[in-house]
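Quick notes on the structure that follows.
The values are calculated or read from the model by the stated rules, or taken from the named source; none is laboratory data. Remember, predicted model here, so these are calculated numbers, not experimental data. Neighbour counts are summed over all protein chains in view; Cβ atoms, including those assigned to glycine, are modelled from backbone coordinates with ideal geometry.
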Amino acid sequence: MKYLKDLIKKIGKTRLKVWLSAMLIMILMFDMSRMPDQQVTAKILLVGIRTYKLYISPRLSSFVQCKYEPSCSIYGYKSIEMYGAFWGSIRTAARICRCTPWDHSDRFDPP
């Protein structure tokens, strides 16, 4: 622990944050270059969607209903499975943004 504190003092907190951010971006870029079924970030997002479906969605179902078929969480899950973490997340965010009372598009919207 003392070694870590000395290292932080030596290189400075700002440089350490920049270095860690650069390393994280490099790791994410490497992960995004892989096939969708091999992406660690996609697997993390899929676990998050499954957790939402198991614990949060049942509590919201009494007063919130999705107007699309399949629901946005299923759409997001399938999109991330098919396109990977980056493009699947963009497609899911676009789908959620379309979910407004003013949108009169077709209710069936496959990923």
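State yes or no: is residue 90 buried (at least 17 other Cβ atoms within 10 Å of the Cβ), modelled with pLDDT of 80 or more, not in a strand (DSSP E or B) and not acidic (Asp, Glu)?
No.
Entry remark, segment 41-95: residues being more than 17 Å from residue 31 (Cβ to Cβ) and hydrophobic (A, V, I, L, M, F, W, C) number 11 in total. I want to confirm something. Restricting to segment 1-50 and keeping residues that are under 20 Å from the mean Cα position of the chain (by Cα) and polar (S, T, N, Q), which single residue is farthest from residue 86 (Cα to Cα)? The extreme case among them is 21. Applying the condition of being small (Gly, Ala, Ser) and more than 30 Å from residue 8 (Cβ to Cβ) to segment 19-49 and asking which residue is modelled with the highest pLDDT yields 48.
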